[in-house]
1. Checking Ile271 against (1) surrounded by fewer than 19 Cβ atoms within 10 Å (Cβ to Cβ); (2) in contact with a Leu (Cβ under 9 Å, 6 or more places away or on another chain); (3) free of Cβ contacts under 8 Å to residues at least 60 places away in the same chain; (4) in a helix (DSSP H, G or I): exactly one of these is not met. Which one?
2. Tally up the residues in segment 152-183 that are assigned to a loop (DSSP other than H, G, I, E, B) and under 28 Å from Pro92 (Cβ atoms), please.
3. Starting from segment 370-387, take each residue that is assigned by TED's automatic domain parsing to the domain that holds Arg26 and touching a residue at least 12 places away in the same chain (Cβ under 8 Å) and list its partners that are part of a loop (DSSP other than H, G, I, E, B) and among the hydroxyl-bearing types (Ser, Thr, Tyr), counting only C-beta distances under 6 angstrom and pairs at least six apart or across chains.
4. Limited to segment 130-151, what total is found for residues that are of a type outside the set (Ser, Thr, Tyr) and assigned to a strand (DSSP E or B)?
5. What single numbered condition from (1) farther than 13 Å from Ile264 by Cβ; (2) crowded, with 22+ Cβ neighbours inside 10 Å; (3) at pLDDT below 95 fails to hold for Asn347?
6. So is Ala36 in the same structural domain as Ala122 (by TED's automatic domain parsing) and either in contact (Cβ under 8 Å) with a residue 24 or more places away in the chain or more than 18 Å from Asp389 (Cα to Cα) (or both) or not?
Amino acid sequence: MLDNQCWGVRGTMLFRLEIENFYSIRDKQVIDLRVAENVPDEAGRLAPIWGGSNVRAPKVVTFFGANASGKSNVLKALSFVVWFVQHSFSHPSGSSLPFERFNDQEMLKSPTRLAVDFAGPAEISRVDDPLVPQCRYSYEFVLSGTTPAYVAAESLHYWPTANSRRTKLFQRDSNGNVTGSKAFGLSGFSKVLHKILRPDTSVISTLAQMEHRFSKFLWQATGFFRSNILVEHQSIPEKLVQDLYSQNPNLVEKFNREVERIDIGIRSMQIQQGSNGLNPVFAHAGLSLPMPMHYESEGTRQFIKIYPMLLNALENGAVTVIDEIDSKIHPMILPEILRWFYSSQRNIKNGQLWVSCHSVSLLEELAKEEVMFCEKDKMGRTRVYALTDIQSVRRADNLYRKYIGGSFGAVPHIG
């Protein structure tokens, strides 16, 4: 069994995502967050994609668009990549993988492809060294167009030095054959891997159970990823959130320090013994008794749910994905959350926040490098594009007014 010790795991910034034939995303969409060197950094919005790199990416990535334009599906793709690495080994054998292809006759029988670029150790032998230099990694997998789907291809590459070419760490073919480089260290694992690797399971997820050193490192690193999109479930159960606070006094203390600064309708959280064990309750100014969570407003409960995910990103340099972050949360609180990620005191390890939202007033708080749009055509196909892809967008422009005016597209069509 894997332990929870996080040896050598550092914060990882994601800077490129490719999606093909995944829910409403039919044709390949590329989200490349890398920012040109001559772009000024406004108030700590950008960070090196790894320590010492002269290439930067935004710490906050936002997706705007009409209802059902595919914003959630972009974030779901990212969550699915992490799920595949983290949990595919424990997924019941023979059951369908938790994803859908684009719903037309051709694509229902076509492969699905997902790929993500991130930062990792330039020297694999030093994965347990928090000071090891980092470099670019690219992880990719292809799922067959059959039902049930199997892994048609899977690979991990890296660029160990600034001037080096892409170097293979491991590669898997449609027959399940896995070849690895000397650096990856498959020697001693190949025979067992060939026996136990299932056609619907990640190589990394499988090797991590075998205590393969680098795979275990990657498995643990993805464990820092947090999302309110649960791939196998629709939403985070409220009981799970209550248990998290009840079992972590330090989290309660940090939450209470935060609510002193922002007004979400409560004065403090306390943990009390109830008929079903320990439960969080909430003190309000002017009320004699603390109130249980189910009596709180929808907005307060939403903030209580997402706060641990935000804190995880800020403290661990992790990636947090929140779909519809503006759901039920007052729009004046959203800019404050963004400022947490811009702050060099709070976000020391350059944690990253990916969100979808409908509160277009938030555009007044964002730089153009932080903004992505999703638009769906008449055939139901999602297109993803960056605000920086649109010509003549100046840094001084009022992005909110231009978006409302239709200058950027990705707005609802009424009438």
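1. Just one mismatch for Ile271, condition (4).
2. Going through segment 152-183 one residue at a time, the tally reaches 5.
3. From residues that are assigned by TED's automatic domain parsing to the domain that holds Arg26 and touching a residue at least 12 places away in the same chain (Cβ under 8 Å), the pairs are Cys374/Ser69; Glu375/Ser69; Lys376/Ser69; Thr382/Ser24.
4. 8
5. (3)
6. no
The values are calculated or read from the model by the stated rules, or taken from the named source; none is laboratory data. Note that the coordinates shown come from a computational prediction; the quantities given were computed from them, not determined experimentally. Ideal geometry is used to build each Cβ from the backbone, glycine not excepted, and the neighbour counts take in all protein chains shown.
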